[in-house]
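**Q** First the structure, then my questions, so here it is.
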Protein chains: 4
Amino acid sequence: MIIVMKPQAKQESIQRIKNIIESKGLDAHISAGKEVTIIGVVGDKTKLQDQNLEIFEDVEKIVAVTESYKLANKKFHPDPSIVKVGNVEIGGKTVVIMSGPCAIESKEQLLITAHAIKKAGAHILRGGAYKPRTSPYAFQGLEEEGLKFMKEAREETGLPVICEVTSLNAIEAAVKYVDMLQIGARNMQNFYLLKEAGKTGLPVLLKRGLSATIDEWLNASEYIISEGNPNVVLCERGIRTFETATRNTLDLSAVPVIKEKSHLPIIVDPSHATGVRAYVKPLSMGAIATGADGLMIETHPNPSCALSDGPQSLTFEQFEKLTQELRPLIEIMGKSL
Amino acid sequence: MIIVMKPQAKQESIQRIKNIIESKGLDAHISAGKEVTIIGVVGDKTKLQDQNLEIFEDVEKIVAVTESYKLANKKFHPDPSIVKVGNVEIGGKTVVIMSGPCAIESKEQLLITAHAIKKAGAHILRGGAYKPRTSPYAFQGLEEEGLKFMKEAREETGLPVICEVTSLNAIEAAVKYVDMLQIGARNMQNFYLLKEAGKTGLPVLLKRGLSATIDEWLNASEYIISEGNPNVVLCERGIRTFETATRNTLDLSAVPVIKEKSHLPIIVDPSHATGVRAYVKPLSMGAIATGADGLMIETHPNPSCALSDGPQSLTFEQFEKLTQELRPLIEIMGKSL
Amino acid sequence: MIIVMKPQAKQESIQRIKNIIESKGLDAHISAGKEVTIIGVVGDKTKLQDQNLEIFEDVEKIVAVTESYKLANKKFHPDPSIVKVGNVEIGGKTVVIMSGPCAIESKEQLLITAHAIKKAGAHILRGGAYKPRTSPYAFQGLEEEGLKFMKEAREETGLPVICEVTSLNAIEAAVKYVDMLQIGARNMQNFYLLKEAGKTGLPVLLKRGLSATIDEWLNASEYIISEGNPNVVLCERGIRTFETATRNTLDLSAVPVIKEKSHLPIIVDPSHATGVRAYVKPLSMGAIATGADGLMIETHPNPSCALSDGPQSLTFEQFEKLTQELRPLIEIMGKSL
Amino acid sequence: MIIVMKPQAKQESIQRIKNIIESKGLDAHISAGKEVTIIGVVGDKTKLQDQNLEIFEDVEKIVAVTESYKLANKKFHPDPSIVKVGNVEIGGKTVVIMSGPCAIESKEQLLITAHAIKKAGAHILRGGAYKPRTSPYAFQGLEEEGLKFMKEAREETGLPVICEVTSLNAIEAAVKYVDMLQIGARNMQNFYLLKEAGKTGLPVLLKRGLSATIDEWLNASEYIISEGNPNVVLCERGIRTFETATRNTLDLSAVPVIKEKSHLPIIVDPSHATGVRAYVKPLSMGAIATGADGLMIETHPNPSCALSDGPQSLTFEQFEKLTQELRPLIEIMGKSL
């Protein structure tokens, strides 16, 4: 932590800050420049948590030097983590593809989808039973009934299944049926939900919030991990910007940034990021080439009648074509599908 | 709803869309231009909810004409709403000031604050018992104990009290102690929480999400109102932009926009928006001059030791000076403090 | 300047950085923490301009401590500047109102406007002769002919006149006719244009770029001032965000931020910021209450036929009503119209 | 164009709009819904340019149906364009790589770079002679002297050369020495400069503005093309968002969006987008996999002493390694280096 003093800071202001730091058992290193004086704080900064040094007289600003996330931090865990979902490993040599409908609409819809995506090479079945929708008048999901269909789909196909949870109720239901929990973008900083998801011990897919910095995203993952659950996979799904040609702006630079700052695996969801079916293939290619550990892609037996996000869903035929087209790219990345 | 067809759309594509619309009992008005054809849909659009016309052949885009929120919409409720919190009316002739600490730290801290802000002219005591913090290692709040202190503060001062809720647990505790619930920015699209807050019947302060459009914000309020609870007050608290001189960018244009689109009262929180104490006064002035129905301002007996958001908190002396300075402005706005 | 080293930085890496700093005649103060080491650089940092210390081995990041703008910086010029345009003073006790059409369309349009805004209390006539339009097919302005009309309007009414310039050609023409140059948002970082505007010695109104930070804005002003021209007035006119209810998001917090960081006057343009006539009054009120030194407001004899930005322009009647409504607010701010 | 009327719009308001439209020789198709009435306008909309229908009584909003750019629009030019720079074709089967220093510092620096990048497989030499810098105190470029070095580098290596221009002066100098002009992000809406660049007939690389929508970007290209110069190449280089882990946010979805909306080639600049050398490779991979027609990558003989943007520049060794790593990816995209 560095404290930057105002120009012409009084000597006694500097001394007062120094005293507070030392009274907490930390060291204060003073660098007095011609224009400004800075104070480097050496030691365990959590001891200063109840001191708001920013508002002491003559303090200009405080600059953080170390990240506030620890368990997700690559500095203290240099090797990449592999998260197991059923028998699927995310973060290893396989580019893991999760696919399925945005919303579970019926048993038939889900089972036919599960078989189709398995045939095309997908590893994990996704499906929404609790849908966070902008308007309360839009379809809100089948809830526990949908979860039961997920379990059946797993039994029929052997694919592990993942479902978004939006409340403690949903978590309590989901743990009975699914292999992985998803925290959606709108709940990325629903810290209560993160802790509860952490407590289940199930692997958690944590989507990035629409306006979350990468630093906040890793701090959110820290809420899950600090409950004793290291099985977190991150999912980039677009951030909110001024551009309207796509629903959100897919931030593929997040992939190498996460790889540099954290040991957690990261996958990419081009379907939600763009909201447009035609952009799913090029951005899936882009995601893999950038180093992503997997993809989440929406599919639907009949996208034109999907109750949620139809315009971005692929037909089974389109999805199978996509996985075939991804294959050579995955190979030159030294991975397999 | 308007459907814009692609240039050179085939006649059969246009006819197919027309047939679907009419098969749902709606009317399709076709305007064939030289470059493009548009189809105006007349009737109840909810009947088209399970049709994703965007992905039919030759469809370029769908343009929504009417807002998806109804109960919060001024079009169907032209008179401004007044929300009562205890005996305080928000949305009427009084500029309502809510004040108190970001986080409740102790009974003493809260009671001394309650008395001080009451003396300075504030109407409602705020205080956080459940704190959504970016890092799991930061102070998370006193939870139910803090709520009890809130109740005591109300009993001592007569001020109604408001507290943020972050989970169903928190709501269940809060209803026993407080007069108004707050949904924070990070939970603005935690639809489960919105519904539960709606069910309590208590007035709800709904803060705008960091990246929420005004349209999404009003849709979020619709989740509360559609549970039979019309007592919603909106709170603008800054949105996330590229600017870093302030913590967030306070969007004061939201005040007249909300006044035009909705009948709900709107207050402004300059403390969280800026994160800097020195900007609280000018932006409080700006908010009132723009037409806001109230303010939420953080105060603390000793900001330099506050466990949360100290740098933006005012001392009691600063707060009292502020309310005095606001008074002449409030009068020329035709309102009272 | 502070250099933050990576955790486990090698001692020789730290030493190498120290040597470079000292070889330039600066001092390096090393604070060795348990996790990281930081190096405070004391002395004239311009001596390090040709050294990219960020990419030396084991360097994590560089943190700037002092602003790169000097002449616009309040630290070195604590008293607020007053900029004279003709006999009008901006930055003093008068809230200065600039008004007129977005685009000059004819002599009649301009003269009738000049008289009307003068009668309503405006101080400076604005009008666009060189219009930067998104599409090349939109009306681009009358160019020098428009400037001549501006001069005539000044001669008839005595109001100083301001006109946007978009090229050296435009500057060379404008200096013959107008009292103040305007650099528009799209040209805020057209550094060539800034320098040329600086060289004229005329007062310059510098609009904030749509995605410019306040720091970049002040650096842009530095380009003008460093040509020996201190007569710069800043104009906040909305920044680009995700919100679409207004054309841009008016950042009124920029007013107190500028007042804290710089001595330059700042005015606000609510017409361009919102793009909606109905929002001009509330945001004009908000701007003045926040401490702005003036306003720029578009007016037009017949907004429904304006060749540019009609939807946000006020009629003369609306403008006169506005100035009357602003008067009491201006008075309680201790200023006059 | 579609005109959406307010709910309860008066019949005479609707009739008045209809009359105006028809008086201009266009057709008005009225669709009267239960809530709102919409009016479809059929015919040449430029005839309505001097009518601001938005502010007529009872008009809610105007929705544009067709894009304002024509010459850059794929609808009217379905085949992809190939732009020739010297003997290099951009937009065809070759992934074109432009490389070189951010700023030209000396003849030696430039020539050694030209030879090194040619050896590594690059096609075009880039180098900045006119540098738009945030601060006026930073190195501003060698200007015409730098251009002369560019010409020498071309003569020595045979590589075509590209240089940014920031003023008419710079254009007039550049046409004597370089093969392609670059318009930088800060000047994307410097419409005067766009027209002048268009008039030269030289191929132009148009970088996307930091806060430019794709629609605005294509409109900017229209300024160049409408001067009779169709040789425009677009360059995505990151947009401004709230994220700070990278300098800007590279918007790779722009690649497929441009491919769908326009026939112009598009290349990607990961160096400026990220500002971090370590992210250049993964995002170069991502760009090619997404379908980009080329890359612009900064190189420098000694990045730690570069006068501009050293931290993002690659050494020659790193650059050569990069082109080798890109090769297999380029091949599976069906292209060559």
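**Q** Would you mind listing the distances between the C:GLN318 label point and the same position in each other copy? Use 7 Å along Cα-to-C-beta, nm, one decimal, shortest first.
**A** 3.9, 4.4, 5.4
**Q** Right, another one. Going by average Cβ density within 10 Å per residue, which order do the peptides B:214-226, C:176-188 take, highest to lowest? Please report the intermediate quantities before stating the final value.
**A** Details: B:214-226: 24.9, C:176-188: 23.2.
Sorting B:214-226, C:176-188 by mean packing, highest first, produces B:214-226, C:176-188.
**Q** If you take the beta carbon distance between B:GLU331 and B:HIS115 as r and set R0 to 30 Å, what does 1/(1 + (r/R0)^6) give as a FRET efficiency, to the nearest 0.05?
**A** Values: r = 26 Å, r/R0 = 0.86.
Efficiency, from the Cβ-Cβ distance: 0.70.
**Q** On a full-extension model of 0.36 nm per residue, what is the gain between B:ALA32 and B:LYS84, subtracting their alpha-carbon distance, rounded to one decimal in nm?
**A** On the way: separation 52, 0.36 × 52 = 18.72 nm, distance 5.24 nm.
So the extension gain works out to 13.5 nm.
**Q** How far is B:ASN19 from itself in the other copies, in nm, if each label sits 7 Å out from Cα along the Cα-Cβ line, shortest first?
**A** So the distances to the same position in the other copies read 4.3, 8.1, 8.7 nm.
**Q** Follow-up question, since we're still on this one. Post the alpha-carbon centroid distance, region C:190-236 to region C:296-325, in whole angstrom.
**A** 27 Å
**Q** Ok, one more. Going down the list C:LYS151/D:LYS61; A:LYS107/A:LYS199; A:LYS207/B:LYS131; D:LYS131/D:LYS151; A:LYS84/A:LYS151; D:LYS93/D:LYS119, which pairs span over 25 Å between their C-alpha atoms? Before the final figure, lay out each step's value.
**A** On the way: C:LYS151/D:LYS61 37 Å; A:LYS107/A:LYS199 30 Å; A:LYS207/B:LYS131 22 Å; D:LYS131/D:LYS151 18 Å; A:LYS84/A:LYS151 18 Å; D:LYS93/D:LYS119 20 Å.
With Cα atoms farther than 25 Å apart: C:LYS151/D:LYS61; A:LYS107/A:LYS199.
**Q** Shortest first, in nm, what separates the label point of A:ILE112 from those of the same position in the other copies (7 Å along Cα→Cβ)?
**A** For A:ILE112, the inter-copy label distances come out at 6.6, 6.7, 6.9 nm.
**Q** Another one. Summarise the partner chain shielding of C:38-48 as one whole number: the mean count of Cβ atoms from other chains within 10 Å of each residue's Cβ. If you can, show how the numbers build up before the last one.
**A** Values: counts 10, 2, 12, 3, 8, 3, 3, 2, 2, 0, 0.
Per residue, the average neighbour count from other chains is 4.
**Q** Counting only other chains, what is the mean number of Cβ atoms within 10 angstrom of the Cβ of each residue in peptide B:159-170? Each step should come with its number before you reach the end.
**A** On the way: counts 0, 0, 0, 0, 0, 0, 1, 5, 8, 4, 2, 1.
Across B:159-170, the average partner-chain Cβ count within 10 Å equals 2.
**Q** Roughly how many percent of the accessible protein surface of the protein assembly as shown is carbon and sulfur, given a 1.4 Å probe and a whole-percent answer? If you can, show how the numbers build up before the last one.
**A** Working: 21480 of 44600 Å².
Carbon plus sulfur share of accessible area: 48 percent.
**Q** How far is helix C:214-225 tilted, in degrees, relative to the longest principal axis of the Cα atoms in chain C, given as a value from 0 to 90 rounded to the nearest 10?
**A** Helix C:214-225 sits roughly 80 degrees off the main axis of chain C.
**Q** Taking the DSSP beta bridges in the protein assembly as shown as the whole, what percent of them are antiparallel, to the nearest 5? Each step should come with its number before you reach the end.
**A** Details: 72 of 180 bridges.
Percent antiparallel among DSSP bridges in the protein assembly as shown is about 40.
**Q** Each residue of region B:304-316 in turn: what ³J(HN,Hα) in whole Hz from Karplus with 6.51, -1.76, 1.60 and θ = phi - 60°, glycine and Pro shown as x?
**A** Each residue of region B:304-316 in turn: 6, 10, 4, 7, 8, 6, x, x, 9, 7, 8, 6, 4 Hz.
**Q** Next question, about the same structure. Can you find, among C:PRO7, C:LEU205, C:GLY310, the residue farthest towards the positive end of the dipole of chain C? Put +1 on the C-beta of Lys and Arg, -1 on that of Asp and Glu.
**A** Projecting each Cα onto the dipole axis, the largest value belongs to C:PRO7.
**Q** If each of B:GLU152 and D:GLU143 carries a label point 7 Å out from its Cα toward its Cβ, how far apart are those two points in nm?
**A** 7.4 nm
**Q** Using modelled amide H (1.01 Å from N, peptide plane; none on Pro or chain starts), what sits under 5 Å from the amide H of A:GLU60, excluding residues fewer than 5 places away?
**A** A:VAL4, A:MET5, A:LYS6
**Q** Each label point is 7 Å from the Cα along the Cα-to-Cβ direction; what then is the distance between the points at C:GLU172 and A:CYS305, in nm?
**A** Reported label-point gap for C:GLU172 and A:CYS305 is 7.0 nm.
**Q** Considering amide H positions built from the backbone, and no H for Pro or chain starts, which residues 5 or more places from D:GLY238, or on another chain, come under 5 Å of its amide H?
**A** Those qualifying (amide H under 5 Å, at least 5 residues apart or on another chain) are D:ASP251.
**Q** Here is a follow-up. What accessible area, summed over both chains, is buried at the C-B interface (1.4 Å probe, Å², nearest 100)?
**A** On the way: alone 15360 and 15340 Å², together 28130 Å².
Adding both sides of the contact gives about 2600 Å².
**Q** Can you run phi through the Karplus equation (6.51, -1.76, 1.60; θ = phi - 60°) for region A:194-205 and list ³J(HN,Hα) in whole Hz, with x for Gly and Pro?
**A** 4, 5, 5, 5, x, 5, 5, x, 5, x, 10, 9
**Q** Still on this structure, please answer the following. With +1 on each Lys and Arg Cβ and -1 on each Asp and Glu Cβ, and nothing else charged, work out how big the dipole of chain B is about its Cα centre, in Debye to the nearest 20. Could you put the intermediate results ahead of the total?
**A** Details: 39 positive and 41 negative charges, 61 e Å.
So the magnitude is around 300 debye.
**Q** Run the numbers for C:ASN19 and C:GLU108: contour at 0.36 nm per residue of separation, minus the present Cα-Cα distance, in nm.
**A** 25.1 nm
**Q** Something else: For chain A, take the longest principal axis of its alpha carbons; what is the angle in degrees between that and the long axis of helix A:107-120, to the nearest 10 within 0 to 90?
**A** 80 degrees
**Q** List the residues whose amide H sits under 5 Å from the amide H of B:VAL233, counting only those 5 or more places along or on another chain, with H placed 1.01 Å from N in the peptide plane.
**A** It is B:VAL204, B:LEU205, B:LEU206, by chain and number.
**Q** Please work out the Cα center distance from region C:85-164 to region D:124-162, rounded to the nearest Å.
**A** Computed from Cα coordinates, the inter-centre distance equals 40 Å.
**Q** Taking each residue of A:188-198 in turn, how many C-beta atoms of other protein chains fall within 10 Å of its C-beta, and what is the average?
**A** On the way: counts 1, 11, 10, 12, 12, 6, 1, 3, 1, 0, 1.
Per residue, the number of nearby Cβ atoms from other chains is 5 on average.
**Q** In addition: Helix D:280-290 against the longest principal axis of chain D: what's the angle in degrees, Cα atoms only, rounded to the nearest 10?
**A** 50 degrees
**Q** While we're looking at this one, here's another question. Could you name the residue in chain C with the C-beta closest to the rotation axis that superposes chain C on chain D, along with the separation in whole Å?
**A** Smallest Cβ distance to the axis, with its residue: C:SER211, 2.
**Q** Also, I was wondering about something else. Mind listing the phi-derived Karplus ³J(HN,Hα) values for region B:243-257, rounded to whole Hz, using 6.51, -1.76 and 1.60 with θ = phi - 60°, and x for any glycine or proline?
**A** Each residue of region B:243-257 in turn: 6, 10, 5, 10, 4, 10, 9, 5, 9, 6, 5, 4, 5, x, 5 Hz.
**Q** Connecting C-alpha atoms closer than 10 Å in a GNM of chain B, tell me which of B:ALA138, B:ALA170, B:ALA64 has the biggest fluctuation.
**A** B:ALA64
**Q** Hey, what number do you get for chain B at 222 nm if only DSSP H runs of n ≥ 4 count, each worth -39500 (n - 2.57), divided across all residues, to the nearest 500? Spell out each step's value before the answer.
**A** Numbers: 10 runs with 111 residues, N = 337.
Theoretical 222 nm ellipticity from helices: -10000 deg cm²/dmol.
**Q** Listed highest first by mean packing, meaning other Cβ atoms within 10 Å per residue, what order do C:129-136, B:42-49 come in?
**A** On the way: C:129-136: 21.8, B:42-49: 15.4.
Ranking, from highest mean packing down: C:129-136, B:42-49.
**Q** Same structure, new question: Once Rh for region C:2-63 is found with the Kirkwood sum over Cα pairs, what is the Stokes-Einstein diffusion coefficient at 25 °C and 0.890 mPa s, in µm²/s? Don't skip to the answer; put the middle values down first.
**A** Details: Rh = 11.4 Å.
So the translational diffusion coefficient is about 214 µm²/s.
**Q** While we're on this one: Classify region D:74-332 as rounded, prolate or oblate from the Cα gyration tensor: take a ≥ b ≥ c as the square roots of its eigenvalues, call it rounded if a/c is under 1.5, otherwise prolate when a/b beats b/c and oblate if not.
**A** On the way: a/c = 1.28, a/b = 1.10, b/c = 1.16.
Cα axes put region D:74-332 in the rounded bin.
The values are calculated or read from the model by the stated rules, or taken from the named source; none is laboratory data. Keep in mind it's a predicted model, so treat the numbers as computed, not measured. Using ideal geometry, Cβ is built from the backbone for each residue, glycine included, and neighbour counts are taken over all protein chains shown. The accessibility values were calculated without ligands, DNA or RNA, using every heavy atom of the protein model including side chains. Shrake-Rupley method; radii C 1.70, N 1.55, O 1.52, S 1.80 Å.
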